[in-house]
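In what follows, a single structure is set out as structure tokens and then discussed.
The values are calculated or read from the model by the stated rules, or taken from the named source; none is laboratory data. These numbers were taken from a predicted model, which means no experiment stands behind them. Using ideal geometry, Cβ is built from the backbone for each residue, glycine included, and neighbour counts are taken over all protein chains shown.
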Amino acid sequence: MSKEKDTSRLSTKIRVEIKQRRGFVPHVLLLELEDLEMVIKKNPFPEAETDPKALHAGFLISAPEYPNLKTLESLKRDSERFHLIDKVFYLYAPEGIGRSKLAANAEKLLGVPMTDRNWRTVCKIREMAKRLI
């Protein structure tokens, strides 16, 4: 939680601080509680919520202009499903993402930086954010 209301300014402050302390500049993605609520509400695979380690939300820095969905489709296993909604890449990988070619190539083929979290983590972050309000 921060008193800073300008997320762009806060993101920059965090990036600068990480550079000073750790020597590298990461992408920093800030979300509001409302953003997390919308990600959960728009989940195109609600039946997969019972398998929270296999359901993932990839949070994108921005909406991809030219995502290569055709190649993503060609990389997926029969059991895998994905859906891109705005700045979120939903992935259901019941066999795990560790060996998934789709998961391994998603960020590159979407063309924008992404951070991926499993559904359990997404829900836990939402609960933590709720307690701060």
Q) Has region 115-122 got any residue that is in contact with a helix residue (DSSP H, G or I) (Cβ under 7 Å, 6 or more places away or on another chain) and within 26 Å of Val28 (Cβ to Cβ)? A) yes
Q: Tally the residues that are buried (at least 16 other Cβ atoms within 10 Å of the Cβ) and either outside the structural domain of Gly58 (by TED's automatic domain parsing) or over 16 Å from the mean Cα position of the chain (by Cα) (or both), restricting the search to region 122-133.
A: 1
Q | Some residue of region 76-94 being in contact (Cβ under 8 Å) with a residue 24 or more places away in the chain and of a type in the set (Gly, Ala, Ser) | A | yes
**Q.** Subset of region 19-30 (residues that are surrounded by 14 or more Cβ atoms within 10 Å (Cβ to Cβ) and in contact (Cβ under 8 Å) with a residue 40 or more places away in the chain)
**A.** Leu29
Q) Mind checking which residues of region 89-121 are exposed (fewer than 13 other Cβ atoms within 10 Å of the Cβ) and closer than 22 Å to Glu47 by Cα? A) Glu95, Gly96, Gly98
**Q.** Single unsatisfied condition, Asp86 versus (1) acidic (Asp, Glu); (2) surrounded by 15 or more Cβ atoms within 10 Å (Cβ to Cβ); (3) under 15 Å from Ile61 (Cα atoms)
**A.** (2)
Q | Some residue of region 26-35 being modelled with pLDDT of 95 or more and touching a helix residue (DSSP H, G or I) at 6+ places or on another chain (Cβ under 9 Å) | A | no
(Q) Take the conditions over 17 Å from the mean Cα position of the chain (by Cα) and closer than 29 Å to Lys5 by Cβ and apply them to Arg117. Does it pass? (A) no
Q. In region 43-95, what count of residues is obtained for those that are among the small types (Gly, Ala, Ser) and closer than 21 Å to Leu29 by Cα?
A. 4
**Q.** Condition met for Asp6 (exposed (fewer than 14 other Cβ atoms within 10 Å of the Cβ), of a type in the set (Asp, Glu) and either without any contact (Cβ under 8 Å) to a residue 60 or more places away in the chain or not assigned by TED's automatic domain parsing to the domain that holds Thr121 (or both))
**A.** yes
